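So the structure is just underneath, and the comments pick up after that.
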Amino acid sequence: MQEEDHNNPIQSEMPFAIIDGEQITELPKDLYIPPIALQVFLDTFEGPLDLLLYLIRKQNLNILDIPIADITEQYVDYINLMKELELELAGEYLLMAAMLAEIKSRMLLPIFEDIEQEEDPRAELIRRLLEYERYRTVSEKINQLDRVDRDVFLSAIDTDQFKQP
């Protein structure tokens with residue numbers, strides 16, 4: 001048995017998510033999660049909605065195992081807490097939640113052989129997620145640019161004192 005050192009306690013890394021009871025402490029390298037991302041708490045998944053969508057897209061999670069109604073309820077609570085400035089982000093999450101509901105409903109409907117096969121409903125989600133990622137990447141780059149009164153401060157100089165007599 002390992003002896004605890006009360007002077008130097010060991011701090012474990014906080015998980016980003018929990019999937020089927022397994023703690024995830026590292027995010028995929030190709031995924032950015034905004035600091036104020038919507039966190040969902042389900043039986044099979046606890047973590048940011050962005051990560052849930054990523055895992056569904058990569059087919060690491062089955063969408064049929066995801067209770068969309070619970071996500072919707074948590075989303076409504078999230079909207080009530082959102083500040084006025086983050087309404088655009090809230091709208092993006094609403095779109096993602098609606099797409100999840102649509103995909104799951106299509107996956108649950110029976111498929112008839114004689115009906116012309118439609119495109120996989122996940123393809124639209126993937127297309128929109130890629131578009132969302134492009135906007136998010138561009139917005140990150142814009143946010144890194146210097147801004148007046150945040151990173152750069154202007155000062156006024158009285159040029160009259162430098163005039164030649």
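Out of segment 46-67, which residues are over 16 Å from the mean Cα position of the chain (by Cα) and β-branched (Val, Ile, Thr)?
If the condition is that a residue be over 16 Å from the mean Cα position of the chain (by Cα) and β-branched (Val, Ile, Thr), then 63, 66 are the ones that fit.
Could you list all residues from segment 1-30 that are buried (at least 16 other Cβ atoms within 10 Å of the Cβ) and either modelled with pLDDT of 85 or more or part of a strand (DSSP E or B) (or both)?
Passing the criteria: 17, 19, 24.
Going residue by residue through segment 76-96, is there one that turns out to be over 15 Å from residue 37 (Cα atoms) and modelled with pLDDT of 75 or more?
No.
When the residues of segment 34-47 are narrowed to those that are part of a loop (DSSP other than H, G, I, E, B) and modelled with pLDDT of 85 or more, which ends up surrounded by the fewest Cβ atoms within 10 Å (Cβ to Cβ)?
So the residue we want is 43.
Go through segment 97-121 and report how many residues are β-branched (Val, Ile, Thr) and either within 14 Å of residue 36 (Cβ to Cβ) or at pLDDT below 65 (or both).
1
The values are calculated or read from the model by the stated rules, or taken from the named source; none is laboratory data. Please read these numbers as outputs of a predicted model, since none were measured by experiment. Reconstructed Cβ throughout: ideal geometry from the backbone, glycine too, with neighbour counts over all protein chains shown.
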